[in-house]
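Here's the structure, in structure tokens; my notes come after.
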Amino acid sequence: MTPHQIDLVQSSFAKISPLGDDAGRIFYGRLFNIAPDVRRLFRGDLEAQAGKLIQMLGVIVTDLKDLDALLPAARALATRHVDYGVEPSHYNAVGEALIWTLADAIGPEFDEEAETAWRAAYGMLADEMMAAAYNGGMVA
Ligand code: HEM
């Protein structure tokens, strides 16, 4: 990712974070629409989960400039996700639901350049998480 892309990700996240749980609700609505089979994995309170997701995304977005801090936390998060029943194919659905949420919440200001930056950020993170969780800790 270029420094400019990191700026774009951070500035677009700043537009959705004030929406808090509402952004989380949009996200889960979309996720369960495109991947109905993952609904059964969420056993806890979805309201609380929506808040946690946005909070965790905030940490990730802040730490994009400090990958030494971000990657160990992301790998540990991915390992916990194996216990939640998450499979590699689910990462794509979550990425698409995330992009959709950003576009829905931000509107036309979420332009092609911002979308490309988010795809780069989520793709990098998902690759690291999947490598840690499903390839015995080796980055593919
Ligand atoms: C960047 C990617 C992701 C982030 C930042 C994220 C964030 C979180 C956080 C913060 C939690 C709370 C528990 C914990 O910290 O261990 C959680 C739980 C969970 N996540 Fe994720 N997650 C991501 C990807 C995914 C994917 C791809 C799936 C697949 C559907 C998923 C499904 C779940 C489930 C099922 C739980 C447990 C919910 C429950 O107990 O009801 N997550 N996630």
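No value in this document is a laboratory result; all are computed from the given coordinates. Model, not experiment: these values are computed from the prediction. Heads up, the Cβs are rebuilt from the backbone with ideal geometry, glycines too, and the neighbour counts pull from every protein chain shown.
Over the chain, what relative contact order in percent results from Cα pairs under 8 Å that are six or more residues apart?
Working: 115 pairs, mean separation 52.4, N = 140.
Answer for the chain is 37 percent.
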Going by how many other beta carbons lie within 10 Å of each one, how would you line up 79, 101, fewest first?
79, 101
The answer for the chain, counting only DSSP H helices whose Cα atoms cover 18 angstrom or more along the axis and whose Kyte-Doolittle average is 1.0 or greater, is 46-62
Would you mind ranking 118, 100 so that the residue whose beta carbon has the fewest other beta carbons within 10 Å leads the list?
100, 118
Distance in nm between residue 19 and residue 80 label points, each 7 Å along Cα→Cβ, equals 2.4
Dipole of the chain [Lys/Arg +1, Asp/Glu -1 at C-beta], most positive-end residue of 55, 114, 76
76
Quick check on the chain: helices-only [θ] at 222 nm, where DSSP H runs of length 4 and up contribute -39,500 (n - 2.57) each and the sum goes over total residues. Nearest 500, please.
-25000 deg cm²/dmol
Counting each pair of different Cα atoms once, what's the Kirkwood radius of the chain in Å, rounded to one decimal?
15.4
